[in-house]
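Below is one structure, written out as structure tokens; the observations come after it.
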Amino acid sequence: MKNEHGTEQHDAQDAPQDIGRRKFLNQTAAIAGLAGAGLTVGLTGCKDESAKPAAASAAGKPAESHASDAHIKPGELDTYYGFWSGGHTGDLRVLGLPSGRELHRIPCFVPDALVGWGITNESKAIMGTKPNGDLQFTVGDTHHVHCSYKDGNYDGRYAWINDKINSRIARIRLDYFVCDKITLLPNVQGFHGIFPDKADPVDPSINYTTRVFCGSEFHAPLPNDGRDIGNDGAHRAMFTCVDAETMDVRWQVVIDGNCDLCATSYDGKLAACNQYNTENGQRFEMMMSAERDACIFFNIARIEQAVKDGKFKTYGDSKVPVVDGTKAANSDPKTALTAYVSVPKNPHGVNASPDGKYFICAGKLSPTATVIELAKVLDWFEGKLPELDKAIVAEVELGLGPLHTAFDGRGNAYTTLFLDSQVVKWNVEKSIQFYAGDTNAKYVVDRLDVQYQPGHINASQSETRFADGKWLAVGCKFSKDRFLPVGPLHAENEQLIDISGEKMKLVHEHPVRPEPHDFVIFKRELLRPKQTYNIDDFPNAVKAFDQSGVVRDGNKVTVKMVSQAPMFSLRDFTVKVGDEVTIILTNLDTIEDLTHGFAIHHHNINFIVNPQETKSVTFKAEKPGVFWCYCTHFCHALHLEMRSRMIVEA
Ligand code: K7E
Ligand code: CUA
Ligand code: CA
């Protein structure tokens, strides 16, 4: 596959979008006052009769009465994509919003029997294998997913997602919705927060993502090769920068404390992580012993200059330059690479406001949120702000167990209160006024009970400059009695809240398989996925029926095959016991949605080939006999008849 985008390939989104556009216009009329310029385009072209009654009846109503928009009727398309981390299923889930329908799962870190992830040679090469060809890891734990930026909005190139268990970062190509690269981070454990940069700190012409930052939670020996066991004080956590294009690790920063979540500024100058373990503790009692922890800021330009100047170390087998971001080495603001802003007890979550001014850290074990002004952090680095903690412009009570924060683009923040089972809507500027002494400034705007114990929260376009204040989704970590019981493991509860009005309004909920964590929601126009592959992107493609056949090289046998409904080009093929068999299968069908599958009885082989796609598998033929191969994906009236046979001779 070529690593480029926006080519003129088969792109079939236009047709189905017409159906959705009716709904789109319908909504546009209902929220006339709120719609951005992009939404109103095409309104004049609306000829759909079904749109009229709703538009007419909604015309005079206040904006908050459009909760019914959440109901997407059969045949209609959602107006937003949602990218959800799958948690310990190690995948990325794609939802349509506002319906909440799950559209797709993109396997990244763990095998997947539908697409053959971890089974095909191509996916194994991305996932990484041991010398014997087995996968290096078969488990994953995805928490945070974020997309590439341009001009402060998503540009539809990539998404990135973390694997906390094995400290891996995966990249997903958003033209095909597939994982194309996975990188193992050296020197770290518990890789949790992840965030792409939004611009270059030095070169203003680079107004798009070129780096992805990764925070790691756990402290470990450096290097982790048996030394320093028992010497807990020598264990460290790090912050890592990965190149967005090559996916190579560019540099790391060794720090005091740990990293949890990660946020980046719109000007590219700063990245930050909330730190809940500034105590450098190994047990929870130690980790919660201090009254305040921190939000650590990274001065990206200075770190890269330090790397250029050779001011780094390497550890063990890793060649990655590691600069010193500890407190002791960074007390002089004018040369500091890092800045530790004090935040109350064990904060969780750091989020960038869409106006680009603030990062907000929630308290978790403190009922507060801390608002940090980025311009002041930059002033400190310039030597213009004598006390770093003066960068805190508000620290206000929200309720019990504040975790993550989303924004509506109208100056309001929405924070989950894990212990209170609530979402609190609060006004950032008012909180700053209140903190400055204006006790009349009422910063809490609204509270809404959610069911139950919310963790992550996000709003439509919240993590861009184009937060549109329409929908808010909340991931509730406990569903208790909300759904039919299915045994001891409960579904979790995703709830959708209409935030277009002053008051929040719960509009629907759906169960999700545990345990999703973070997610992003953005307008569907930002993506233009391709719906068939280009056969020329696959160097091993079998491009015609007459290129099919069996080629032997010693005991290595290559079986080249094509699929075209309702048949495989080889009705049977013969190999010998002891052969290493590689099957290469190209799907010659060109029509969108005409996918075939290929499975072999008793050989642990199952994968699909989408239109014009090529995949291969390699395995040992160990037992003599006849083994049916069949199409696993319903493709044709003769789908059941779509078969081949592998004959293994003794
Ligand atoms: Cu993003 Cu769930 Cu990993 Cu918070 S974490 S809840
Ligand atoms: Cu091909 Cu079913
Ligand atoms: Ca702590």
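A few comments on the model shown:
- Summed residue charge, Cβ within 15 Å of Leu388's Cβ, Lys/Arg positive, Asp/Glu negative: -3
- Distance histogram in 5 Å bins (all Cα pairs of the range 537-649, percent per bin): 2, 13, 24, 26, 19, 10, 4, 1
- Under 17 Å from Lys308, Cα to Cα: aspartates and glutamates that are on another chain or at least 8 residues apart: Asp200, Asp203, Asp243, Asp248, Asp324
- Between the range 566-616 and the range 347-424, the C-alpha centres lie 53 angstrom from each other.
- Sum of side-chain charges, Arg105 neighbourhood, beta-carbon under 9 Å (Lys, Arg +1; Asp, Glu -1): -2
- Shape call, the range 210-293: gyration tensor on alpha carbons, a/c limit 1.5: oblate
- Amide H within-cut-off set for Val542, under 5 Å, with H built and near neighbours excluded: Thr586
- Whole-percent pair-distance distribution, where bins are 5 Å wide, for the alpha carbons of the range 344-495: 2, 10, 17, 20, 20, 13, 8, 5, 3, 1, 1, 0
- For the chain, the spread of Cα coordinates along the three principal axes comes to 84, 72, 53 Å, biggest extent given first.
- Structure note, pairs Lys198/Lys334; Lys124/Lys620; Lys364/Lys505: Cα-Cα distances above 22 angstrom occur for Lys198/Lys334; Lys364/Lys505.
- log10 of Debye I(q)/I(0), alpha-carbon scatterers only, for the range 395-441 at 0.19, 0.20, 0.33 Å⁻¹: -0.60, -0.66, -1.12
- Estimated from helical segments only, the mean residue ellipticity of the chain at 222 nm is -2500 deg cm²/dmol, where each DSSP H run of four or more residues counts as -39500 (n - 2.57).
- Entries of Lys130/Lys615; Lys357/Lys503; Lys477/Lys615 with Cα pairs more than 29 Å apart: Lys477/Lys615
- Partner aspartates and glutamates for Lys480 [C-alpha distance under 18 Å; skip if fewer than 8 residues away on the same chain]: Asp420, Asp449, Glu492, Glu494, Glu509, Glu515
- Straight-distance crosslink candidates among aspartates and glutamates, where the alpha carbon sits under 13 Å from Lys390 and sequence neighbours closer than 8 are dropped: Glu373, Asp379
- Of all beta bridges that DSSP places with both ends in the chain, some 90 percent have antiparallel geometry.
- The phi torsions of the range 196-205, fed into the Karplus equation with coefficients 6.51, -1.76 and 1.60 and a -60° offset, translate into couplings of x, 6, 10, 5, 8, x, 10, 9, x, 6 Hz, rounded to whole numbers, with Gly and Pro shown as x.
- Charged-residue dipole, Cβ positions (Lys, Arg, Asp, Glu), the chain about Cα centre, Debye nearest 20: 420 debye
- On Cα atoms only, tilt of 14-30 relative to the major axis of the chain in degrees: 30 degrees
- Using θ = phi - 60° and Karplus 6.51 cos²θ - 1.76 cosθ + 1.60, couplings along the range 599-614 (whole Hz; Gly, Pro as x): 10, 10, 3, 6, 10, 6, 10, 7, 7, 10, 10, 7, x, 6, 9, 10
- Quarter the surface of the alpha carbon convex hull of the range 168-263 and you get the mean projected area, 7.1 square nanometres.
- Kirkwood hydrodynamic radius over Cα pairs of the range 317-384, then Stokes diffusion coefficient at 25 °C and 0.890 mPa s, in µm²/s: 177 µm²/s
- Local electrostatic count, Trp117, Cβ distance below 11 Å [Lys/Arg +1, Asp/Glu -1]: 0
- Among 319-331, 190-202, 257-269, 611-623, the peptide with the highest mean count of other Cβ atoms within 10 Å heads the list, and the full ranking is 257-269, 190-202, 611-623, 319-331.
- Backbone phi angles across the range 638-650, fed through the Karplus curve with coefficients 6.51, -1.76 and 1.60 (θ = phi - 60°), yield HN-Hα couplings of 9, 4, 5, 7, 7, 9, 9, 10, 9, 9, 10, 8, 5 Hz in residue order; Gly and Pro are listed as x.
- Amide H to amide H distances under 5 Å link Ile206 with Asp200, where only residues 5 or more positions off or on other chains count and H is placed in the peptide plane.
No lab work stands behind these numbers, since they all come straight from the coordinates. Remember, predicted model here, so these are calculated numbers, not experimental data. Quick reminder, even Gly has a Cβ in these numbers, built from the backbone with ideal geometry, and neighbours come from all protein chains shown.
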